[in-house]
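What follows is one structure encoded as structure tokens, with my remarks underneath.
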Amino acid sequence: MLKRILSSGKARAAIKRLSEEPSARNYLALGQLHATAGKLGEVERVCLEGLEAYPDNAELKRLLARARQLRREDRTRELQAQLKVSPRPALWKELCEIHLESGRVARAEEVADEWFFATEDGEAMLMRAMARCDRFFADRRRDDGRRAHELIHEAIELLPGDKRPLRLLLDLTSRAGAWQNARSAIARLLELSPGDPALEARFRTVMALAERCGDFDQALRAVERSGRLADEDPEAERRATSGSVRPMLQELAAQDGVRGAFYVRGGTALVQGPRGATAERTARGVREVIQASRTAARRLGLGQPEEIRAEGDFGSLLARPGSTGASALWTQDGPTNKQTAKLDELTATAQSNLEEQS
């Protein structure tokens, strides 16, 4: 009771300061007080209001992302408890969606598999396809793309006349650069929505691209080899990350014992420390270590790796994979706690920037 009284008094004082001086600092102070009191809805409201006035404030963005993540975790626990008592499609679907929003793709796929094997519901098959598509978009592995393609076609059979699996098929084939397959998906969508001006315009664009591309499997091989999807612009990726990420990389690389700091995503790599050919070779090695670790974790059923460590004569490598990219730090004797915290901040900042860009 005393804690609630004290926290409410501090909140009233913070609200008064904010009304007198609506600065980013005061928005953040009020949001942090609400977070301490466990009022996650209020944290979101304050952060969103603050970001309308200060859209580039990184601390408000981080607090908002953390509040949303905590709310999703609370709801996940509620849904898991309800499913044990009374499993039903609406609960399975919401749980899958929360896992996907949180970047827990492997867990979303597990829940969707459990849902489908219990009910053989077309909605469950569609969710399985969505989860495998997200896995392909994140890791760019040909096997994931093939499996996503198979699951989408099964969902189309189970949900005849439903546009959603066809739109997912169009998304998969377009992002993979398989324009002939994308053309077929748009044609089927036009059968369900004849005269749709957006689909007709897209069909004309894809028709031109389809004349000079191979089949779906060739497109998947190209994505796996390059690490880049067809809709990704390397320069746009660099602009999305370099503005705030590069200074953080420079700060890390300048610290004692650090031999290199990296941020990698698909075919894009930002490097501080090594130079020239050494930088390119080292970035490629870091990317391969992260991709191999993700692949091994999936095959063992361990889900998404949160931390990757490698040690040897070269020193110590610590990587923090995010849902789309990964940050890594190469040190001589292992990172300090401060350096590890900074690496976590780097991963979160890059992820936030990329979400805004998309």
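Assorted remarks:
- Accessible area of the chain divided out per residue, in Å², using a probe of 1.4 angstrom: 52 Å²
- Taking other residues whose beta carbon is less than 10 angstrom from the beta carbon of A348, and scoring Lys, Arg as +1 and Asp, Glu as -1, yields +2.
- For the options T173, T278, T268, a Gaussian network treatment of the chain with springs between C-alpha atoms closer than 10 Å singles out T278 as fluctuating the most.
- Carbon + sulfur, % of accessible area of the chain - ligands and nucleic acids excluded, 1.4 Å: 49 percent
- Area accessible to solvent at T205, 1.4 Å probe radius, in Å²: 80 Å²
- Phi angles of the range 73-85 translate, via the Karplus equation with coefficients 6.51, -1.76, 1.60 and θ = phi - 60°, into HN-Hα couplings of 5, 4, 5, 4, 4, 4, 5, 4, 5, 5, 5, 5, 8 Hz per residue; Gly and Pro are given as x.
- Label of the coordinate-derived value, Cα Rg over 2.2 N^0.38 Å, listed as (1) 1.04; (2) 1.12; (3) 0.99: (2)
- Pairs beyond 23 Å (Cα-Cα), from K61/K338; K39/K338; K39/K61; K84/K163: K39/K338; K84/K163
- Stretch gain in nm, segment A81-T295, where the contour uses 0.36 nm per residue and the Cα spacing is subtracted: 74.0 nm
- When the helices of the chain are scored as -39500 (n - 2.57) per DSSP H run of n ≥ 4 and the total is divided over every residue, the value at 222 nm lands at -24000 deg cm²/dmol.
- Computed from backbone phi with θ = phi - 60° and the Karplus coefficients 6.51, -1.76 and 1.60, the 3J(HN,Hα) list for the range 215-222 is 8, 4, 5, 5, 5, 5, 4, 5 Hz; x is used for glycine and proline.
The values are calculated or read from the model by the stated rules, or taken from the named source; none is laboratory data. This is a predicted model, so every value here is computed, not measured. For neighbour counting, all protein chains shown are included, and Cβ atoms are generated from backbone atoms with ideal geometry for every residue, glycine included. Keep in mind that these areas ignore ligands, DNA and RNA; they rest on the heavy atoms of the full protein, side chains included. Shrake-Rupley method; radii C 1.70, N 1.55, O 1.52, S 1.80 Å.
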